[in-house]
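> Got a structure here, written out as structure tokens. Questions coming.
The values are calculated or read from the model by the stated rules, or taken from the named source; none is laboratory data. This is a predicted model, so every value here is computed, not measured. Counting neighbours? That spans all protein chains shown, and the Cβs are built from the backbone with ideal geometry, glycine included. Protein only, heavy atoms only, side chains kept; ligands, DNA and RNA dropped before computing areas. Shrake-Rupley method; radii C 1.70, N 1.55, O 1.52, S 1.80 Å.
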Amino acid sequence: MHIREPKIGDPQIKPLGKRSNPSVALNSIGHRFPKMTKINIPISAPDLSGNEEAYLIDALRSTWISSSGKYVDRFESQFATLAGTRYASSAANGTVALHLALAALGVGPGDEVIIPAFAYVAVANAAKYTGARLALVDVAPQTWCLDPSKIEASITSQTRGIIAVHSYGHPCDMDAINNVAKAYKLWVVEDAAEAHFALYKGRTAGSLADIATFSFYGNKIITSGEGGALTYNDKSLHHRIRMLRSQGMDRTRRYYHPIIGYNYRLTNIACALLCAQIERWKAMVARRNAIFSCYSSRLSQIQGIGLQPVATWATPAPWLFCITVDKSLFGADRDTLAVGLQERGIETRPFFVCIHHMPPYQQHGGAESFPVSEQLSRVGMNLPTFHGMTDDAVRQVCAFIEEIHLRGA
Ligand SMILES: *Cc1c(COP(=O)(O)O)cnc(C)c1O
């Protein structure tokens with residue numbers, strides 16, 4: 001039912017290195033897509049037009065290409081300031097940042113962790129790495145994030161904490177989640193991978209729980225290709241995170257490792273890119289917000305196209321523009337629209353598959369266990385959103401959607 005990514009072995013795809021086939025293109029984050037028409041609009045593309053090149057060359061020439069160096073220190077201190085926390089630690093990617101957060105909080109076998117049924121799979125995977133059991137909770141139709149009113153029913157004596165994922169840039173209702181957590185003495189981790197610089201009641205995503213995690217993967221708002229971070233205020237957590245990130249080594253005694261840790265460090269090279277990216281965060285968010293407004297004003301006119309809800313207390317991060325497709329009103333379902341757009345050279349993404357609909361997590365729910373999650377997963381899709389996308393390109397995507405609506409396919 002979902003659009004399958006083209007794979008090597010497909011008739012129209014040549015293996016890398018033998019890309020003589022002109023009907024296949026790679027976008028800048030390495031996704032292959034069929035080149036059907038002249039206009040090719042990728043789902044995402046990083047903008048590296050600021051000091052990225054200068055800092056990268058500086059890091060390279062300094063020979064500090066490993067995981068120490070001035071860009072690591074600069075990024076961590078500036079990112080903590082931006083998130084509004086005392087500390088920030090970089091990590092190799094967003095998935096291990098989450099694992100590191102849970103490990104630092106002491107999560108292990110026998111514990112239970114609450115996560116949303118609808119989220120990127122990294123959330124479930126990272127929690128499973130600790131040996132904990134998952135408890136899935138449905139998302140709320142008003143936020144597409146964890147429904148605070150449904151958390152309490154899944155708390156058991158084994159529950160240790162909640163991962164609140166700010167999905168598609170919209171912050172969770174953190175006061176409500178933190179209140180439940182407080183009542184049951186649970187920790188809360190925010191996953192802000194998709195919500196860089198989002199605001200909840202005026203406070204920044206990343207400063208609203210015990211620990212927050214970020215991803216800087218190529219399609220995220222701020223990127224270093226691969227990369228991640230954790231933000232938090234607690235000093236003892238800081239020591240644990242630093243220790244676990246670096247093979248569990250003692251802070252004061254080199255090569256003495258009192259606990260089993262990991263190598264989850266990020267390089268000075270990646271942090272050089274991040275330092276350049278965060279210098280321009282306001283402009284990047286502003287441009288993406290302009291793209292969002294352009295999409296919203298056109299698409300709200302098309303019958304059967306639904307837009308992402310925004311709670312009164314939320315200033316969402318403009319990550320990937322989201323729509324839902326109501327087949328009976330639009331005239332085609334989500335997957336048909338995606339194929340139609342692909343034929344017109346527009347790359348899209350279906351919404352995430354629910355966690356309990358994937359083989360490793362099937363025991364956590366059957367059909368219609370989490371109705372809001374399941375409905376979103378069926379009808380939602382993302383449209384191209386990136387800093388360098390022109391208003392004309394946005395209008396082109398909207399015009400194609402209108403055309404498919406009018407023709408019914
Ligand atoms: C992207 C993402 C991650 C994982 O980040 P990686 O850097 O790809 O490991 C985790 N959680 C959410 C919600 C994400 O969107």
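> Do we find a residue being part of a loop (DSSP other than H, G, I, E, B) and within 9 Å of the ligand (Cβ to nearest atom) anywhere in the stretch 101-114?
no
> Follow-up question, since we're still on this one. Could you list, in sequence order, the residues of the stretch 205-234 that are more than 8 Å from the ligand (Cβ to nearest atom), within 20 Å of Arg280 (Cα to Cα) and open to solvent by 30 Å² or more (accessible area, probe 1.4 Å)?
Scanning the stretch 205-234 gives a single hit, Gly225.
> For the stretch 73-86, which residues satisfy the criterion of being open to solvent by 10 Å² or more (accessible area, probe 1.4 Å) and in contact with a Phe, Trp or Tyr (Cβ under 9 Å, 6 or more places away or on another chain)? Break it down into steps so the answer makes sense when it comes.
Start the filter on the stretch 73-86 by keeping residues that are open to solvent by 10 Å² or more (accessible area, probe 1.4 Å), which leaves 73-74, 76-78, 81-82, 84-86.
Of everything in the stretch 73-86, those that are open to solvent by 10 Å² or more (accessible area, probe 1.4 Å) and in contact with a Phe, Trp or Tyr (Cβ under 9 Å, 6 or more places away or on another chain) turn out to be Glu76, Leu82, Thr85, Arg86.
> Can I ask one more? Taking into account only those residues within the stretch 150-170 that are within 25 Å of Trp319 (Cβ to Cβ) and either assigned to a strand (DSSP E or B) or of a type in the set (S, T, N, Q) (or both), which is farthest from the ligand (Cβ to nearest atom)? Don't jump to the end; show me each part of the working.
Here is the first cut: in the stretch 150-170, the ones within 25 Å of Trp319 (Cβ to Cβ) are 150-151, 161-170.
Now restrict to residues that are either assigned to a strand (DSSP E or B) or of a type in the set (S, T, N, Q) (or both): 161-165, 167.
Working: Gly161: 16, Ile162: 14, Ile163: 9, Ala164: 10, Val165: 5, Ser167: 7 Å.
Restricting to residues being within 25 Å of Trp319 (Cβ to Cβ) and either assigned to a strand (DSSP E or B) or of a type in the set (S, T, N, Q) (or both), the top hit is Gly161.
> Given the criteria touching a strand residue (DSSP E or B) at 6+ places or on another chain (Cβ under 8 Å) and under 19 Å from Pro318 (Cα atoms), does Tyr200 qualify?
Numbers: touching a strand residue (DSSP E or B) at 6+ places or on another chain (Cβ under 8 Å): yes; under 19 Å from Pro318 (Cα atoms): yes.
Yes.
> Please verify whether Met249 is of a type outside the set (D, E, K, R), modelled with pLDDT of 95 or more, touching a His at 6+ places or on another chain (Cβ under 6 Å) and open to solvent by 40 Å² or more (accessible area, probe 1.4 Å), treating the condition exactly as stated.
It is true that Met249 is of a type outside the set (D, E, K, R), modelled with pLDDT of 95 or more, touching a His at 6+ places or on another chain (Cβ under 6 Å) and open to solvent by 40 Å² or more (accessible area, probe 1.4 Å).
> Which of the residues that make up the stretch 87-100 are within 11 Å of the ligand (Cβ to nearest atom), small (Gly, Ala, Ser) and surrounded by 24 or more Cβ atoms within 10 Å (Cβ to Cβ)?
Matches in the stretch 87-100: Ala91, Gly94, Ala97.
> Still on this structure: Looking at Ala119, is it in a loop (DSSP other than H, G, I, E, B) and aliphatic (A, V, I, L, M)?
Spelling it out, Ala119 is indeed in a loop (DSSP other than H, G, I, E, B) and aliphatic (A, V, I, L, M).
> Which of the residues that make up the stretch 179-196 are over 13 Å from Ile114 (Cα atoms), open to solvent by 30 Å² or more (accessible area, probe 1.4 Å) and in contact with a helix residue (DSSP H, G or I) (Cβ under 9 Å, 6 or more places away or on another chain)?
Asn179, Ala183
> Can you confirm whether the stretch 293-301 contains a residue that is aliphatic (A, V, I, L, M), more than 23 Å from Phe214 (Cβ to Cβ) and assigned to a loop (DSSP other than H, G, I, E, B)? Let's see the steps before the verdict.
Taking the stretch 293-301 and keeping what is aliphatic (A, V, I, L, M), we get 299.
Checking the rest, the ones that are also more than 23 Å from Phe214 (Cβ to Cβ) come to 299.
Still in the running and assigned to a loop (DSSP other than H, G, I, E, B): none.
No, because not a single residue in the stretch 293-301 is aliphatic (A, V, I, L, M), more than 23 Å from Phe214 (Cβ to Cβ) and assigned to a loop (DSSP other than H, G, I, E, B).
> Give all pairs with beta carbons closer than 6 Å in which a residue from the stretch 165-176 that is within 15 Å of Val137 (Cα to Cα) meets a residue that is within 9 Å of the ligand (Cβ to nearest atom); count only pairs at least 6 apart in sequence or on separate chains.
Val165/Ala119; Val165/Val123; Val165/Asp191; His166/Ala192; His166/Ala195; Ser167/Ala119; Cys172/His166
> Could you say whether any residue in the stretch 174-191 is assigned to a helix (DSSP H, G or I) and within 11 Å of the ligand (Cβ to nearest atom)? Spell out the reasoning first.
Within the stretch 174-191, the subset assigned to a helix (DSSP H, G or I) is 174-183.
Still in the running and within 11 Å of the ligand (Cβ to nearest atom): none.
No; the residues of the stretch 174-191 include none that is assigned to a helix (DSSP H, G or I) and within 11 Å of the ligand (Cβ to nearest atom).
> Consider Ser66 against the criteria (1) away from the ligand (no atom under 16 Å from the Cβ); (2) in contact with a Phe, Trp or Tyr (Cβ under 8 Å, 6 or more places away or on another chain); (3) polar (S, T, N, Q): it satisfies all of them except one. Which criterion is unmet?
With respect to (1) away from the ligand (no atom under 16 Å from the Cβ); (2) in contact with a Phe, Trp or Tyr (Cβ under 8 Å, 6 or more places away or on another chain); (3) polar (S, T, N, Q), Ser66 is out only on (2).
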